[in-house]
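These notes are about the structure you will find just below.
The values are calculated or read from the model by the stated rules, or taken from the named source; none is laboratory data. A quick note: this is a predicted structure, and the numbers were derived from the prediction, not measured. Backbone-built Cβ (ideal geometry, glycine too); neighbour counts: all protein chains shown. Surface accessibility is based on the protein's heavy atoms, side chains included, excluding ligands, DNA and RNA. Shrake-Rupley method; radii C 1.70, N 1.55, O 1.52, S 1.80 Å.
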Amino acid sequence: MLSSKVSQALNKQIELEASSSQYYLAMASWAETQGLNGVSAFLYSHADEERMHMIKLVRFVNERGGHGVVPALKQPPVTFKSVKAVFEEILKHEIKVTNEINNLVDITLKEKDYTTHNFLQWYVSEQIEEEALARQTVDKLKLIGDDKGGLYFFDRDMTALAAASGEVDAEKGA
Ligand code: OFO
């Protein structure tokens, strides 16, 4: 059974994962309107991934005798300055998510909730991957700078990355 402190903290995380999903979905839709089909495919699949992170938490809370609450969400931005700005935002956002996961892990230790602590390890490793990917992508975009040809190839690479990340998620059950 979850303590009310852990249950509240997990529900806060549910809201953060849900808003991450909406945020990346808004980015995907914007990228699609810019003709960046690879970037948008990657972002659509990233938005789906965040939704899975949310559902995984909802189901865990319910399984442990709590109630996973589906939250109301604020509207994310509609337009973005550039592809680089999008990935810089993603990196900033993922660092924030990592900090929140770490806080959650800390709460479970204080509450001596080792089951939830164990469950959260999946999110701890997931955040290492998410942050690394965002960081690498920002670095690539810095190299490309204003080169339109470079952006064309970057967009093409993102199509492959979106397909690969879909396959990995299916294997992980994420
Ligand atoms: Fe759920 O990992 Fe990104 O936000």
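Any residue that is hydroxyl-bearing (Ser, Thr, Tyr), over 22 Å from Lys140 (Cβ atoms), modelled with pLDDT of 95 or more and within 15 Å of the ligand (Cβ to nearest atom) - is there at least one of those in segment 90-99? The answer is no, given that none of the residues of segment 90-99 is hydroxyl-bearing (Ser, Thr, Tyr), over 22 Å from Lys140 (Cβ atoms), modelled with pLDDT of 95 or more and within 15 Å of the ligand (Cβ to nearest atom).
Close contacts from segment 48-61, counting a first residue that is touching a residue at least 60 places away in the same chain (Cβ under 8 Å) and a second that is assigned to a helix (DSSP H, G or I) and near the ligand (Cβ under 9 Å from one of its atoms), with Cβ to Cβ under 7 Å and a gap of 6+ residues or different chains, come to His53/Glu17.
Being within 16 Å of the ligand (Cβ to nearest atom) and in contact with a Phe, Trp or Tyr (Cβ under 6 Å, 6 or more places away or on another chain) is a property that Leu43 has. Apart from one condition, Ile55 fits all of (1) away from the ligand (no atom under 16 Å from the Cβ); (2) in contact with a Gly (Cβ under 9 Å, 6 or more places away or on another chain); the exception is (1).
Within segment 132-157, if we keep just the residues that are of a type in the set (A, V, I, L, M) and touching a Gly at 6+ places or on another chain (Cβ under 8 Å), the residue that is surrounded by the most Cβ atoms within 10 Å (Cβ to Cβ) turns out to be Ile144. Considered as a group, the residues in segment 17-36 that are open to solvent by less than 20 Å² (accessible area, probe 1.4 Å) and within 13 Å of the ligand (Cβ to nearest atom) include one that is farthest from Lys110 (Cα to Cα), and that residue is Met27.
A quick yes/no check of all residues on (1) within 16 Å of the ligand (Cβ to nearest atom); (2) assigned to a helix (DSSP H, G or I):
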position	(1), (2)
Asn102	yes, yes
Lys112	no, no
Phe119	yes, yes
Glu129	yes, yes
Asp139	no, yes
Lys142	no, yes
Asp155	no, yes
Thr159	no, yes
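Kindly check whether there is at least one residue in segment 108-118 that is in contact with a His (Cβ under 7 Å, 6 or more places away or on another chain) and touching a residue at least 40 places away in the same chain (Cβ under 8 Å). The answer is yes, given that some residue of segment 108-118 is in contact with a His (Cβ under 7 Å, 6 or more places away or on another chain) and touching a residue at least 40 places away in the same chain (Cβ under 8 Å).
Scanning segment 85-105 for residues that are open to solvent by 30 Å² or more (accessible area, probe 1.4 Å), under 16 Å from Trp122 (Cα atoms) and among the acidic types (Asp, Glu) yields one hit, Glu100. Taken together, the residues in segment 85-100 that are of a type in the set (Val, Ile, Thr) and over 12 Å from the mean Cα position of the chain (by Cα) amount to 1.
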